[in-house]
Every structure is written in structure tokens, then in C-alpha cells.
Amino acid sequence: MIITDVRTTLLTGPCTNDPFLREARKLRSAAFIEVLTAKGPIGIGETYAGYFCPEAVPAIVEFFKPILIGQTVDDIPELWRRMYHCGNFWCRVGLGAIVLNGIEAALWDLKGKLLDQPVHALLGGAKHERLPCYATGGPSNYPKDRLAKKIDHYFSLGFRGVKVGAGSYSPQEGWYMPKEANEAADFEADKVAFMRAHAGNEALLMMDAHMGNNRTTTWTVEIAIAVARALEPYNLFFLEEPLHYTDPWGYAELCRSTSTPIAGGECLTASYEWRVFAEQDSFDIGQPDASFTGGLGEFMAVAKMMAARDRKIATHAWGAGGSLMQNVHAGFAAGNTCVLEIAPDYAGLHSEVIDGGLTIVDGYALPPDRPGLGIVLTDEIRARYPFKPGSGEFTACRVKFSRTK
């Protein structure tokens, strides 16, 4: 089946139906890439760049498009190699690789539809009968009774694992992030002790420090070590992103300094960049994103890289429905996946895009069985969620800094 066209669709819709996440973010943008054939199915993929800078995606897709026209999906790794090579000066890491991820995902989706196979089967087959999944909860909604209600809400949806952010957030008080070692250690230990007592010993509890892009402060290694050690008594599944991604050496020191598992990697692109972190054992648990890392093939390369150092991976998935399903398929195909990130109580850019292929039973996801990625992009979806320029994440941050000139 010959590829005849490649196109981009930008959409904007409600960020979530989750009342706790909705306190902090009302809208989300998304960028979907479609690979068309003359009379056959259409391959659909998503790039997580659409959540941050959607306006930049279409031009990059057009740059790579001529490489695909007239080709087939018989050898997707070769098509990826050609595109990556043509972007050599600007695509080894960063935005080019992130957009390339969405194109490559669409190729896998098309091939799966043509062969009537789920994508994880094309990536080597499902290595798990089921995988635990957790509700990714965004901020720690305060006061604590609000945080308890948040946990209860996720448990009512069938989850047995919950991740919340460091610091706290409330509509009345705004964002709080501790900035000194003792302050941060005391605050986070008090919070996680409360969560553990409320959720019980069997719950999977995780914390995301968001230090890759925190809006108020960036922790030092000293602060991160203090926090990680303070959390050791509470059996945290992992502490995510406690440092900035410009410091792989600090991450390695942190991992050596605490028994709390350290996770990270969502902001890393291509196995080229991942290798810097993996070879220093910067993470106990790597978090590649199959809509951001550079492709599903690159996701699998990262998983293999981490497995060679006896490390696990946990999917990162905060894009829309295409991103989520790309990560579910890749997560099942990687033998060292330990948990899947799932957006709880999601809205239309998830629920209407996912075509019935995501099944969660008793807190565990099952391998998808729909051909391709199990996603759709109908004319009704396009009409219902028209793109709004400026709806990408951190647009407000950009405006804030522009006002300080």
C-alpha cells in the first residue's frame, strides 16, 4: 500500500474531566499526524509536541513528508532512519525528533491496520499478560482533606496507584514549592505519611517533583537527596524528576544516596540523549514516552538500554489519546516495563480518540487487541475540538517572562 500524503491535525479541547486536575489546567492542545494511502486505511499517530508547541508541528511534518510519499510501511525502521538522517543538523534530539515520533507512530498504526495486528505484536509481541497502572494526578491538591478526596476519586475509578506532585496547589493559595532542604524534606514527608495512612500499605504511591520544568524553583542535588531520604520510610514506588535534566551526574549521585527509587526521562529525546543518562545509572526507573522519545522504535531501544543495566521502565503518558495508546502498546512490548501511566477521568481528546482498545481491570491494563494503535480521528472529532492558538502548555509562562523585559 503506497503512501500518498501526510498531514497534521491540531486540536484543542478540555484538558480532563478530573475535577482535581481541572483546578490547575482547563484546556489541552494536541497534534495528530495522519499517513494516507490511495484507497486503504489511514495511519494515525500523535506527537507530544502538540501539548506544548502545537503551532510548530505542521512545518516539521511538511519537511519530512517528501521522504514518505511513494513509500510503503514494509520497513518502518528504514523510513525512520532516512527522516532522522535528513534532520541530522537539528533533529538528533529535541523538537525534530519529537515530531518524528508522531510520524513514525502513524506508520506503525497503518501497518497494524493493514496486517490486522495490534502494534505491540509488530514490536515483538506483548511481554506481559497485564500491567499495573496508576492515575497520574498532577498537583497535590491542598488542604489535606482535598488531597484525600483526590485519592478516593482515583480509587473509585479502579486505580490502585496514584501519583501527585511535590509541593501543593489550591485555587485560593496558588502554587507552593519548598525551596530549602529541610523545608522540602519536612513538607514532603508529612504529605506522603498522610497519603500512606489514607491509602493503605498496598497502594502504589508516587511523587513527581516536576523539576524538569518547575514554575517556581529548581531543586539542587542537596535538596533532592534530603527529600528522597525523608521519603524512605513510606515505600514510595518512585520519586520522579527531582532534578533538572541538565544534570545527569547529579541524578547518578542521587540514586546512589537513597533507597527511594528515582525515576525520570520524560524530557529526553532519542536514544542518543538517553545513553548519557543510562550509562551513568542516572535513573532507577526510566520513563520514556512513546509520543516524545523519538519513536516507538526509539522507545524500545531505550527500554533495552535500561534493561542491560538491570533497570526498569515506566511509561510517561500525558498527551492525548494517541499518546496514551502509543505508550500502552510500547509498554507491553518492553519486557522491563513495571507500570503504566494513565490519565484518569479523561475528556474527549482521549475518550473519543481511543477506539475501545484500552481495558483496565482491577487496576491492571490488558494488552490492546484492536488493529494498529486502536485510535480514530473522525470528522466529528475535528469539528468538536477546533484548534485554539496559544492553547499549548506553558503559554502563560511565556507571556509572564515577556512582561519582565
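The values are calculated or read from the model by the stated rules, or taken from the named source; none is laboratory data. Small disclaimer: the values here were computed from a predicted structure and weren't measured. Reconstructed Cβ throughout: ideal geometry from the backbone, glycine too, with neighbour counts over all protein chains shown. These accessible areas exclude ligands, DNA and RNA; they are computed on the full protein's heavy atoms, side chains included. Shrake-Rupley method; radii C 1.70, N 1.55, O 1.52, S 1.80 Å.
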Inset, instruction - For the range 285-301, name all the residues that are open to solvent by 10 Å² or more (accessible area, probe 1.4 Å) and either part of a loop (DSSP other than H, G, I, E, B) or small (Gly, Ala, Ser) (or both). - result: 292, 297, 301
Inset, instruction - Could you pull out the residue among 339, 328 that is surrounded by 15 or more Cβ atoms within 10 Å (Cβ to Cβ), modelled with pLDDT of 95 or more and farther than 30 Å from residue 114 by Cβ? - result: 339
Inset, instruction - Could you tell me whether residue 60 is β-branched (Val, Ile, Thr), closer than 17 Å to residue 9 by Cβ, at pLDDT 95 or above and open to solvent by 40 Å² or more (accessible area, probe 1.4 Å)? - result: no
Legend entry - Index of the failed condition, residue 347 passing every other in (1) crowded, with 24+ Cβ neighbours inside 10 Å; (2) in contact with a strand residue (DSSP E or B) (Cβ under 7 Å, 6 or more places away or on another chain): (1)
Legend entry - Test: residue in the range 162-172 that is at positive phi and surrounded by 20 or more Cβ atoms within 10 Å (Cβ to Cβ): yes
Legend entry - Filtered residues of the range 302-319 (kept if surrounded by fewer than 24 Cβ atoms within 10 Å (Cβ to Cβ) and either touching a Ser or Thr at 6+ places or on another chain (Cβ under 9 Å) or charged (D, E, K, R) (or both)): 304, 305, 309, 310, 311, 312, 318
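To keep it simple, each residue is scored yes or no on (1) charged (D, E, K, R); (2) under 20 Å from the mean Cα position of the chain (by Cα).
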position: 131; (1), (2): no, yes
position: 143; (1), (2): no, no
position: 146; (1), (2): yes, no
position: 180; (1), (2): yes, no
position: 201; (1), (2): no, no
Inset, instruction - Select from the range 73-98 the residues that are in a helix (DSSP H, G or I), open to solvent by less than 10 Å² (accessible area, probe 1.4 Å) and either without any contact (Cβ under 8 Å) to a residue 60 or more places away in the chain or not aliphatic (A, V, I, L, M) (or both) and list them in ascending order. - result: 79, 83, 96
Inset, instruction - Test each condition in (1) touching a residue at least 60 places away in the same chain (Cβ under 8 Å); (2) surrounded by 24 or more Cβ atoms within 10 Å (Cβ to Cβ); (3) within 16 Å of residue 21 (Cβ to Cβ) for residue 322 and report the one that comes out false. - result: (3)
Inset, instruction - For residues that are open to solvent by 50 Å² or more (accessible area, probe 1.4 Å) and among the aliphatic types (A, V, I, L, M), tally how many sit in the range 129-157. - result: 1
Legend entry - Residue check for residue 105: surrounded by fewer than 16 Cβ atoms within 10 Å (Cβ to Cβ) and either touching a strand residue (DSSP E or B) at 6+ places or on another chain (Cβ under 9 Å) or under 25 Å from residue 391 (Cβ atoms) (or both): no
Legend entry - helices (runs of 4 or more DSSP H) (entirely within the range 128-241) containing at least 2 residues that are of a type in the set (Ser, Thr, Tyr): 144-156
Inset, instruction - Check residue 6 against each of (1) open to solvent by less than 10 Å² (accessible area, probe 1.4 Å); (2) more than 13 Å from residue 322 (Cβ to Cβ); (3) assigned to a helix (DSSP H, G or I) and name the one condition it does not meet. - result: (3)
Inset, instruction - Working carefully through the options 54, 41, find the one that is open to solvent by 10 Å² or more (accessible area, probe 1.4 Å) and of a type outside the set (Lys, Arg). - result: 41
